[in-house]
């Protein structure tokens, strides 16, 4: 029997209504083909005219992993009426045409091997095309492949490498090494504990996201591909060359079936508009995110949400953390004193992470989660009362998904069958299996690289999930602690096929655990009952840990937004965990330089919405220099998550240097707090409601400028703010390519340099953009940033001590608007939706207690800009004072819209109140 099988002799088993409408009463795939043996099948299942599922089903193997196999595929129920299937049996060719004129066409050739080609509109060039050996299968290992054609990689001159001559760019893969453009590299998609990762070479990272977005710069065409698997996978995007066969990219995964979605973006219009990246990201979000039954059954996009609850507003503030601090003998006093010292030094602070030093056994040093070291923490509840209620600073406690055998509750949990079990053929191996049949493996126990034997919780079993919730209740909730930090949840030391999952619980559901008619459950889970763990089980347990933690916190405080921070993640996990970070990075300039690349890649892969990095670096035998910490804080101030975290002899703090540096860092943090109204509003309107990241690459709006396609150190905040952080040691300025054209209109773009107080005009009809240099002198409170004409920036007053305690009793918002200067044709009007709620309760999400204040402005003449507002949904009562200003040096006059009662100060700023009662 051959090892690698590339099936031949394909025939058509089903082709909708051949040469007519594609209606399908069975609700299954539109087209099905099988090879000569009948054991290999390929099915094509359109979900709508911009989203098509392809599944390559495989023959069963005697020792294979049962994962959504030939009998386990759950097809989304769709009426294929309007789809047209044309079959030429002589030429062995099919064409599938979407109902939308000039839309999607899929051609299938099965003369020898099976090949698909995807066309859009009238283009004769496919945007996606299978390679000549498209669907090989390894009969021994079970690995299944998908090969697609790629463009040539030969250099075009002695100065230009292959990547520079390309017209196609590939993005996504979540949190992955190297540049944002993934062409030419190979990636492992899996989860690892990547301490001190080299951000350019370490592979894999912590998170698993098998999604790519491809842009053809010649055709100006986007499409996405999501491979629906949680198995460890490999994307080869041009690292492998084989001149004898041609140019190809490949995807492979450890176990089948091969299941992928080709994505052309969500659209409410029944027309063949070109896809864009924003629509593709929203489409991915809808594919993977669990929804309550009331939302899942609705056809209205407005009811979809990236998660059932918003994160607490406090999670946008400064979140402190230090592993060293938590391990001190006087740790409880030190943690409380840290928060008091921050406030005494006039640093705002909203959260304190409690690292795993809290649970180290006083004698052995082993980390026994949920068991408090009473010498270090004599009164955990008192500490929580002091911080959470006395100082309005939330505690976020570190927990891991295992217990060591030395844990006081280990035997009790084993008898309750709470742990992952050793598979039946491993039960006799007492090195692998415990007395109750639990799987035993190695876990981090004391210090660097030291491990002890223990067991992972089986979150797929009711017993395991209940045991976990009980431990959270006893060790966290009853101590008065509101936040949980689920760590080391890559499950990387599980022994795969030697372990098994109970399979009682469905992780991709929000209410109930049955795999009912919800499509996300069927798509992402697709299994039930006791199942050999296989590699894929590790990722599902990652999801299960988040869900069990979410349920525990919500049960303890149903009206309070849960605070859950996770290190590892899988698609859809944002339904349960609201925040994450890039893991245990290093204290290096390289880590800072590459952190934006990680942020942008993760964001356009529909990552968890609150994302950031350990500011100053986590690992390394040295502390950050003042220069590195300042530049890191300036860059991180714009991220949705701002955390200083370290594992060093001397904890990294914002006041560890001289008075001048401390003052500088204080001004940076103050700027971060001023930005929170903009960051939170964008989180709600763009991420929570659409799946879009708050931080976006420049190519999100500016692919017409080819320079932006490789630009991954600068970024956009929302749609109009361009941030250019300084990322080089000793640098006092930053140079980058500034986009010149806006994709949506092909209009030239004006940018306002906020630090330089001047407009940068377009460069003489040059579509390719141009290099600009922005200064960032010592003492600047923020990175250089530009605002595109038409933009709005909303800030809070300075001097806040926490996000829920404004500097004054009135809720004040400064609204800076940026109309383009005369005689520019673009940027004549703009708007921004400010979102206001209490920041704590679930009332905003469950009862609509949220208010939207949309600021609108328009240039009405050469010297007048009219300003108004409209209150959209008005569920949250309050009073806001808004001050609207023009850019410095702008001589135009602000005028209140008709009916708006406003006053003007001596600087020409417009003031008015908004009252929602």
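In this structure, does residue 425 turn out to be over 24 Å from residue 365 (Cα atoms), surrounded by 23 or more Cβ atoms within 10 Å (Cβ to Cβ) and out of contact with any helix residue (DSSP H, G or I) (no Cβ under 6 Å at 6 or more places or on another chain)?
Working: over 24 Å from residue 365 (Cα atoms): yes; surrounded by 23 or more Cβ atoms within 10 Å (Cβ to Cβ): no; out of contact with any helix residue (DSSP H, G or I) (no Cβ under 6 Å at 6 or more places or on another chain): yes.
Considered against the rule, which asks whether it is over 24 Å from residue 365 (Cα atoms), surrounded by 23 or more Cβ atoms within 10 Å (Cβ to Cβ) and out of contact with any helix residue (DSSP H, G or I) (no Cβ under 6 Å at 6 or more places or on another chain), residue 425 comes out as no.
Considering only the range 732-804, give the strands (runs of 3 or more DSSP E) lying wholly within it that have at least 3 residues that are touching a helix residue (DSSP H, G or I) at 6+ places or on another chain (Cβ under 8 Å), assigned by TED's automatic domain parsing to the domain that holds residue 822 and at pLDDT 90 or above. Write out each step before concluding.
Values: elements: 733-738, 751-753, 758-760, 770-775, 785-788, 791-795.
Per the criteria, 791-795.
The residues listed here are 503, 529; of these, the one that is in a loop (DSSP other than H, G, I, E, B), over 30 Å from residue 849 (Cα atoms), modelled with pLDDT under 95 and in contact with a strand residue (DSSP E or B) (Cβ under 8 Å, 6 or more places away or on another chain) is 503.
Apart from one condition, residue 417 fits all of (1) out of contact with any helix residue (DSSP H, G or I) (no Cβ under 7 Å at 6 or more places or on another chain); (2) at positive phi; the exception is (1). Of all residues in the range 447-470, those being surrounded by fewer than 22 Cβ atoms within 10 Å (Cβ to Cβ) and not in a loop (DSSP other than H, G, I, E, B) number 8. State yes or no: is residue 519 touching a helix residue (DSSP H, G or I) at 6+ places or on another chain (Cβ under 8 Å), surrounded by fewer than 16 Cβ atoms within 10 Å (Cβ to Cβ) and farther than 24 Å from residue 324 by Cα? For residue 519, the condition - touching a helix residue (DSSP H, G or I) at 6+ places or on another chain (Cβ under 8 Å), surrounded by fewer than 16 Cβ atoms within 10 Å (Cβ to Cβ) and farther than 24 Å from residue 324 by Cα - is not met.
Taken over the range 414-427, the residue count meeting the criterion of being in a loop (DSSP other than H, G, I, E, B) and in contact with a strand residue (DSSP E or B) (Cβ under 9 Å, 6 or more places away or on another chain) is 5.
Here 65, 140, 73, 108 are screened, and the one residue that is outside any loop (DSSP other than H, G, I, E, B) and either crowded, with 16+ Cβ neighbours inside 10 Å or at pLDDT below 95 (or both) is 108. Listed here are the helices (runs of 4 or more DSSP H) enclosed by the range 284-388 that have at least 2 residues being free of Cβ contacts under 8 Å to residues at least 40 places away in the same chain: 293-296, 331-344. For the residues 754, 749, 694, 726, the requirement of being surrounded by 15 or more Cβ atoms within 10 Å (Cβ to Cβ), over 16 Å from residue 638 (Cα atoms) and either under 30 Å from the mean Cα position of the chain (by Cα) or free of Cβ contacts under 8 Å to residues at least 60 places away in the same chain (or both) singles out 749.
Taken across the range 433-441, residues that are in contact with a helix residue (DSSP H, G or I) (Cβ under 8 Å, 6 or more places away or on another chain) and under 24 Å from residue 554 (Cα atoms) do not occur at all.
Quick grid of which residues meet (1) at pLDDT 90 or above; (2) surrounded by 20 or more Cβ atoms within 10 Å (Cβ to Cβ); (3) touching a helix residue (DSSP H, G or I) at 6+ places or on another chain (Cβ under 6 Å):
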position	(1), (2), (3)
240	yes, no, no
255	no, yes, no
272	no, no, no
296	no, yes, no
310	yes, yes, yes
329	yes, no, no
333	yes, no, no
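The numbered conditions (1) assigned to a helix (DSSP H, G or I); (2) crowded, with 24+ Cβ neighbours inside 10 Å; (3) without any contact (Cβ under 8 Å) to a residue 60 or more places away in the chain are all true for residue 686 except (2).
Among residues belonging to the range 118-131 that are part of a loop (DSSP other than H, G, I, E, B) and touching a strand residue (DSSP E or B) at 6+ places or on another chain (Cβ under 7 Å), point out the one that is surrounded by the fewest Cβ atoms within 10 Å (Cβ to Cβ). Step through it out loud before you land on a result.
Here is the first cut: in the range 118-131, the ones part of a loop (DSSP other than H, G, I, E, B) are 121-127, 131.
Keeping just the survivors that are touching a strand residue (DSSP E or B) at 6+ places or on another chain (Cβ under 7 Å) gives 126-127, 131.
Numbers: 126: 17, 127: 21, 131: 20.
Ranking the qualifying residues of the range 118-131, first place goes to 126.
Looking only at the range 579-594, which residues are closer than 14 Å to residue 618 by Cβ and in contact with a helix residue (DSSP H, G or I) (Cβ under 7 Å, 6 or more places away or on another chain)? Listed by number, the residues that qualify are 582, 585, 592.
With the requirement that a residue be within 19 Å of residue 450 (Cα to Cα) and surrounded by fewer than 22 Cβ atoms within 10 Å (Cβ to Cβ), what does the range 335-356 give you? Talk me through it step by step, then tell me what you get.
We begin by selecting, within the range 335-356, every residue within 19 Å of residue 450 (Cα to Cα); these are 355-356.
356, the sole residue that qualifies.
Applying the criterion of being outside any strand (DSSP E or B) and closer than 16 Å to residue 246 by Cα to the residues of the range 143-165, the residue that is modelled with the highest pLDDT is 150. Taking the range 196-211 as the range and being touching a strand residue (DSSP E or B) at 6+ places or on another chain (Cβ under 6 Å) and surrounded by fewer than 23 Cβ atoms within 10 Å (Cβ to Cβ) as the test, the residues that pass are 196, 203.
The values are calculated or read from the model by the stated rules, or taken from the named source; none is laboratory data. For clarity, every value in this text was computed on a predicted model and none was experimentally measured. Here Cβ is always computed from backbone atoms with ideal geometry, including for glycine, and neighbour counts include all displayed protein chains.
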